[in-house]
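Engineer: Please find one structure pasted underneath; my questions will follow.
Just so it is clear, none of the values below were taken in a lab; they were calculated from the coordinates. These numbers come from a predicted model, not from an experiment. Cβ atoms come from the backbone with ideal geometry, glycine included; neighbour counts cover every protein chain shown.
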Amino acid sequence: MPGLIGICSFGEGSEKWNVLRFTYYAMLALQNRGQEAFSIAWVDKATGSLRKVEASGNVEELLPLIDGSSGHVAIGMTSPLVSDHIVEVDGDVRVAVAMDGKTLDHRDRREACKAIGEELSSGSPLHESMLRVATKYRVGYSFLVLTEKGEVGCGRSAVGLKPLTIGSIGFDLGCVASESSALDVIGATYSSIVGAGEIITMTPLTLKRDRVIGATEEPCTFEFVYLARHDSVVFQEDVYRVREEVGKCLARGDEVDCDVVIGVPETSYPIALSYGATRRRAVKLGFVRSGDHIRSALKGSQLERLIGLQLKLNPVPSVVDGKNVVLIDDSIVRGNTLKNVISLLRRKGAVGVHVRIGSPQIVKTCPYGTEIPPRDELIAGNLRLEDIKKVIGCDSIEFLRLEDLERLISKDNVRPCTGCFGGRYAGDVKVD
Amino acid sequence: MIKVLGIGGGAREHSLAEKVAQSAHHPKIYWISEWRNPGIYEICRSTGGEYIIGSTTDPLFVSKRSKTLGVDLVIIGPEEPNFYGVADAVRDAGIPCLGPYRDVAVIEQSKAALRRLQWKYDIPGRLLFRTFRDVRSAKEALNEASKSLTWLQNVVLKPARQAGGKGVKVIEDKQAYLLNEKLTFKMSHIEWLSDYMSGYEDIQDRVLAEECVWGPEYTLHCFTDGKTVVGMPLVQDNKHAFDFDIGPETGGMGSISGPGMALDFITREEYERSLEIVRSVIRAIQDETGKDYIGVAAGQMMVTEIEGPTLIEMYSRLGDPEALNVLAVLKTDILDLAFAICEGRLSKVGVDFEKNAVVVKAVAPEGYPDRKDLAKGHEVLVDRDEVLKRGCKLYWGAAHLEDGRIVTTGSRFVELVAKERSVERAAELVNGCLGLPRLKGWRTLYRVDIGTRELNERRTELAEKVRRLYKFRESRGLLGSRLDWVPGMGLIDPALEVKKYEVDRT
């Protein structure tokens, strides 16, 4: 789930670049993947050694911490968990490892980064070591590594679950990022995705790429449902386009009374817009936000989520008063968000509230580190549809069908991971 | 029996030598190069000619040798001999030469001179530019541009003279929040360029700053005798050192062409416009110098949003690796063609090309292009029969034959070529051979992605986006115009500034 960015400068004059601010702005662009913690590592121009800065809180707090520092290679990470940072390992070569997702073999990301860091700091060539890592831990993650020698490595596990894209700035900088929009923000040209099981090593003089044998593309569908920015391309798919298709799927055959369509900010906007367009119904802006953009579902505690949510969602009276509202949201995790929103809408005069969800029911947790709560906290994992309706207080509720989601993302050689929605997990693992 | 002398020792020259050897005239082939190219050496020996190691840029040496050998024709491969007047000397000695006069080759030697020529003669497809003769004025101008946000903020910084393809930096500066990073880099690169250029005494300008444009690039080579200009199939070279279009600028890591005269992502109309641009440049430089252009002129082109086909640079010779693309499909006997060009009767010769697609890829030692010291001196091992068996041909580049061993000289040492019905199929064949050339105890560098469907599709997408933009401008009568409005200053046409500083003053 974290946002990853790595930048390497090449060729004549490569040492003249200071890429720390590039890294920072890419991290800013990747806050959708985590707002609780950030960390950055670089090879320091002044000392030649690997340096790291990490903290909890908003990425914007990073800037004063790197002021005056300079480095021509760097990696950065934003995370939805406090103290989930880039991990440094001091072996024969000092390395820093950042990860999105998680291996199956380790308890958490930190442990996984540490294990991988140990393999990569052994002093044997980085590229070959990374290939070994991607073969040994086959499922569930994308990773970045920075060595004290100034090498930037990146790769995706053989079963490619989490995204990674690659691009360039002029003849000078090579960039890898979780999402293409982070490349856009720093003025890099998007070239391609990093393929499943693909390992890339960049140094000032070389770029090496290889692929582990038997790699398969099994993208995380939650990326399309919620995580990724809708101006991004991930797994070679345009996120906005997928969300529009989701809206169409929800609208098809839906004949529920509808005076107005409202999307819960902001992930669901493309879904709401295409739902409304398909059913030829007005889509209106139903809410006004106070304060910063907060991804409430990613907040740690129940209270924090509620605060985030309530600040985010003050309904516009005339939009809902006396209306049958179709309320679109991207997903339901615990259900408190929707329960709250529906009660707010009703107080502002909504006659009917019909909930349409742009994803199937989340019934299981994620073994690959996406912040989905344990099963006993998942409303759809515990209650029947009728009961969910009663709890959240809506007139009707419909979810995107699992087969529709699978169809939207499946292609030749692409089998999406839909484990949390009750489908097949990437790597065919069994999760209770 | 006809005797032909070739100049230069790269893969381009190996391919030229092979083409000459295939001529129906069965010539004896002689060659001069700074190192012993194994492929050309073999061709010289098998035709009863001679391979001479010596300076390719010394006009006197080349013309004397041409005389003593009694050759009937000299063919110049690389650009540097053109800048030193080798063709002039050979022609003075009364020997036909496929290669331009020194004065004419200035269109390649001085990037600044080419730009001035284009603006002076109103040749379309041109970029805004400024030249600087010292570090201070360049820094001042670029500093100022970052404050006033004029076109000079988004620049390509180049050495004002052709300098082995090094030192070009594309600095698109469009994120206000990264302005300081970009500015710092511009300043330090200006200093680097100035130092680098101090090695060249033949030009006053040091730094060239050009407007930064985006779009698909391609090369249009032309044969010309000064009166007739004949276009060849378009070729797209790939300058980034690494896959994904990442990494430093090289002489070219691989090139694609065909099927047919244009590329999949360039329209016939764009081809014709490009040809007209190259023709105009040839006419203009002939008007300036009073000399005929004899040889090959090539436009390094880009389709840009501002003007459609736009001239980025000129070559006064065949490109390398692009030469291998066009020579692979040239059907006309190269000696008939060369003599026709030298004798001013190109219009009488039909120049024919096969329709096939061609993919060329270079293999270089790791360290190329920026660390020649690391890239040179490695022994090459390659199974040439296996290359042939896999449907490719191998041409020797920066490789020197000595005592039965072949050793790298620091640059692209081998180029692999395949000819097929489609670019993708040809690329597959070449990719199947990229691992065959190896270096003893050292690693090689090559690009897998050139010619693959993924990269071709990306080029097409880019071309379509840019085409939409320039067509829109064209429909509004805005092709090539760049208007700015600066609060407090009013309407500004940057083209007038270029004319004022660069054309009227000189």
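Engineer: As I understand it, the dipole of the protein assembly as shown uses +1 on the Cβ of Lys and Arg and -1 on the Cβ of Asp and Glu, about the Cα centre. Which of B:Leu263, B:Gly432, A:Tyr240 lies farthest toward its positive end?
Structural biologist: A:Tyr240
Engineer: Next question, about the same structure. Can you tally the net charge around B:Ile266? Count Lys and Arg as +1, Asp and Glu as -1, for every other residue whose Cβ sits under 13 Å from the Cβ of B:Ile266.
Structural biologist: So the surrounding residues net to -2.
Engineer: Let me ask another. With N denoting the number of residues in the stretch B:378-506, provide Rg(C-alpha) divided by 2.2 N^0.38 Å, to two decimal places.
Structural biologist: Computed over Cα atoms of the stretch B:378-506, the ratio equals 1.75.
Engineer: Taking the Cα centre of chain A as the origin, how large is its charge dipole in debye, to the nearest 20, when only Lys and Arg (+1) and Asp and Glu (-1) carry charge on their Cβ atoms?
Structural biologist: Result for chain A is approximately 1000 debye, rounded to the nearest 20.
Engineer: Let me ask you something else. Just to be sure I understand the model, the point goes 7 Å from the Cα along the line to the Cβ. What's the resulting A:Asp105 to B:Ala176 distance in nm?
Structural biologist: 5.0
Engineer: Still on this structure, I have one more. When only alpha-carbon atoms are used, what values of Rg and Dmax, in angstrom, describe the stretch A:243-408?
Structural biologist: Computed over the Cα atoms of the stretch A:243-408, radius of gyration and Dmax are 15.0, 44 Å.
Engineer: Count, for each residue of B:243-256, the Cβ atoms from other chains sitting within 10 Å of its Cβ, then give me the mean as a whole number.
Structural biologist: 6
Engineer: Looking at A:Pro80, A:Leu131, A:Val59, which one has the Cα that reaches farthest to the positive end of the dipole of the stretch A:3-217 (charges on Cβ: Lys, Arg +1; Asp, Glu -1)?
Structural biologist: The Cα lying farthest towards the positive end belongs to A:Leu131.
Engineer: Okay, moving on. Taking the simple approach of a point 7 Å from Cα along Cα-to-Cβ for both B:Arg425 and B:Met1, what is their distance in nm?
Structural biologist: Distance between the two pseudo-spin positions: 3.9 nm.
Engineer: Under 14 Å from the Cα of B:Lys174, which aspartates and glutamates turn up, not counting those fewer than eight places away in the same chain?
Structural biologist: Once the sequence-local aspartates and glutamates are set aside, what remains near B:Lys174 is A:Asp184, B:Glu211.
Engineer: If you place +1 on the Cβ of every Lys and Arg, -1 on the Cβ of every Asp and Glu, and leave all else neutral, what size is the dipole of the protein assembly as shown about its Cα centre, to the nearest 20 Debye?
Structural biologist: 1000
Engineer: For the stretch A:92-160, I need the span (max minus min coordinate) of the C-alpha atoms along each principal axis, in Å, sorted largest to smallest.
Structural biologist: Between the extreme Cα coordinates on each principal axis of the stretch A:92-160 lie 29, 20, 15 Å.
Engineer: Take the alpha-carbon centre of the stretch B:69-138, take the same for the stretch B:1-37, and report the distance between them in whole Å.
Structural biologist: About 23 Å separates the Cα centre of the stretch B:69-138 from the one of the stretch B:1-37.
Engineer: Sketch the reach of a paramagnetic label on A:Lys52 as a point 7 Å from Cα along Cα-to-Cβ, and name the residues of the stretch A:139-159 whose backbone nitrogen lies under 11 Å away.
Structural biologist: Counting backbone N atoms under 11 Å from the label point, the list is A:146.
Engineer: Using the Kirkwood radius over Cα pairs, work out the Stokes-Einstein diffusion coefficient for the protein assembly as shown at 20 °C and 1.002 mPa s, in µm²/s as a whole number.
Structural biologist: 71
Engineer: How much of the DSSP bridge set in chain A is antiparallel, in percent, rounded to the nearest 5?
Structural biologist: Around 75 percent of the beta bridges assigned by DSSP in chain A are antiparallel ones.
Engineer: Let me ask something else. When B:Val170, A:Val43 are ordered from fewest to most other Cβ atoms inside 10 Å of their Cβ, what list results?
Structural biologist: Lowest count first: B:Val170, A:Val43.
Engineer: If you fit an axis through the alpha-carbon atoms of helix B:453-475 and take the longest principal axis of the Cα set of chain B, what angle between them do you get, 0 to 90°, nearest 10?
Structural biologist: 40
Engineer: Work out how far the C-alpha atoms of the stretch B:285-353 reach from end to end along every principal axis, then list the three figures in whole Å, largest first.
Structural biologist: Sorted from largest, the Cα extents of the stretch B:285-353 read 40, 34, 20 Å.
Engineer: So for the pair B:Met187, B:Leu478, with labels modelled 7 Å out along Cα→Cβ, what separation do we get in nm?
Structural biologist: About 3.5 nm separates the two model spin labels.
Engineer: Once you've got the GNM for chain A with C-alpha springs shorter than 10 Å, pick whichever of A:Pro374, A:Pro315, A:Pro80 has the biggest mean-square fluctuation.
Structural biologist: Among A:Pro374, A:Pro315, A:Pro80, the largest GNM mean-square fluctuation belongs to A:Pro374.
Engineer: For the protein assembly as shown, what is the percent of antiparallel DSSP beta bridges, rounded to the nearest 5?
Structural biologist: 80
Engineer: Using the alpha-carbon centroid of each, what span in Å lies between the stretch B:179-193 and the stretch A:69-124?
Structural biologist: Each part's Cα centre sits 32 Å from the other's.
Engineer: Next up: Rounded to whole Å and sorted largest first, list the principal axis extents of the Cα atoms in the stretch A:3-217.
Structural biologist: 43, 38, 34
Engineer: Only counting other Cβ atoms within 10 Å, I'd like A:Ser14, A:Ser410, A:Ser79 sorted with the fewest neighbours first.
Structural biologist: A:Ser410, A:Ser14, A:Ser79
Engineer: Which residue, chosen from B:Gln236, A:Val261, B:Tyr315, occupies the Cα position most advanced towards the positive end of the dipole of the protein assembly as shown, where the dipole is computed from +1 (Lys, Arg) and -1 (Asp, Glu) charges on Cβ about the Cα centre?
Structural biologist: Towards the positive end, the residue furthest out is A:Val261.
Engineer: Taking only Cα atoms of chain B, what ratio of Rg to Rh do you get with Rh as the Kirkwood inverse-distance radius?
Structural biologist: 0.96
Engineer: Further question on the same structure: Compute the Cα gyration tensor for the stretch A:121-186, then decide on rounded, prolate or oblate, letting a ≥ b ≥ c be the square roots of its eigenvalues: rounded whenever a/c is under 1.5, prolate when a/b is larger than b/c in the other cases, and oblate in all that remain.
Structural biologist: Here the stretch A:121-186 falls in the oblate category.
Engineer: Starting from the eigenvalues of the Cα gyration tensor, five times each then square-rooted, give me the equivalent ellipsoid semi-axes of the stretch B:217-454, largest first, whole Å.
Structural biologist: For the stretch B:217-454, the ellipsoid semi-axes come out as 31, 19, 18 Å.
Engineer: Report D for chain A in µm² per second (integer): Stokes-Einstein, Kirkwood Rh on Cα pairs, 37 °C, 0.692 mPa s.
Structural biologist: 149
Engineer: Can you give the direction-averaged projected area of the convex hull of the alpha-carbon atoms in the stretch A:205-248, in nm²?
Structural biologist: 4.8
Engineer: Pick from A:Cys154, A:Cys220, A:Cys258: which is most flexible by mean-square fluctuation in a GNM of chain A where alpha carbon atoms under 10 Å apart are linked?
Structural biologist: Result: A:Cys258 has the largest fluctuation of those listed.
Engineer: For peptide B:231-241, how many partner chain Cβ atoms fall within 10 Å of a residue's Cβ, on average?
Structural biologist: Mean shielding count: 1.
Engineer: Within the stretch B:163-267, which GluC sites (Glu not before Pro) sit in a loop by DSSP and count at most 14 neighbouring Cβ atoms inside 10 Å?
Structural biologist: Passing sites in the stretch B:163-267 are B:Glu201.
Engineer: Then there is this: Which order results if B:Leu330, B:Leu193 are arranged by neighbouring Cβ count within 10 Å, fewest first?
Structural biologist: Going from least to most buried by this count: B:Leu330, B:Leu193.
Engineer: Same structure again: Under a cut-off of 20 Å between alpha-carbon atoms, report the lysines in cross-link reach of B:Lys500, not counting same-chain residues fewer than 8 places apart.
Structural biologist: B:Lys111, B:Lys120, B:Lys139
Engineer: Would you mind calculating the gained length between B:Tyr121 and B:His26 on full extension (0.36 nm times residue separation, minus the Cα-Cα distance), in nm to one decimal?
Structural biologist: So the extension gain works out to 29.9 nm.
Engineer: When we measure straight from the Cα of B:Lys67, which aspartates and glutamates land under 15 angstrom away, once same-chain ones fewer than 8 places off are left out?
Structural biologist: The reachable aspartates and glutamates, counting only those whose Cα sits under 15 Å from B:Lys67, are B:Glu50, B:Asp58, B:Asp88, B:Asp92.
Engineer: For chain B, give the magnitude of the charge dipole about the Cα centre (Cβ charges: +1 Lys/Arg, -1 Asp/Glu; no others), in debye to the nearest 20.
Structural biologist: With only Lys, Arg, Asp and Glu charged at Cβ, the dipole is about 140 debye.
Engineer: Considering the zone a paramagnetic label at B:Trp35 would reach in this model (a point 7 Å from Cα along the Cα-to-Cβ line), which residues of the stretch B:348-367 have amide N under 20 Å from it?
Structural biologist: B:361-367
Engineer: Averaged over B:370-376, how many beta carbons belonging to a partner chain fall within 10 Å of each residue's beta carbon?
Structural biologist: 2
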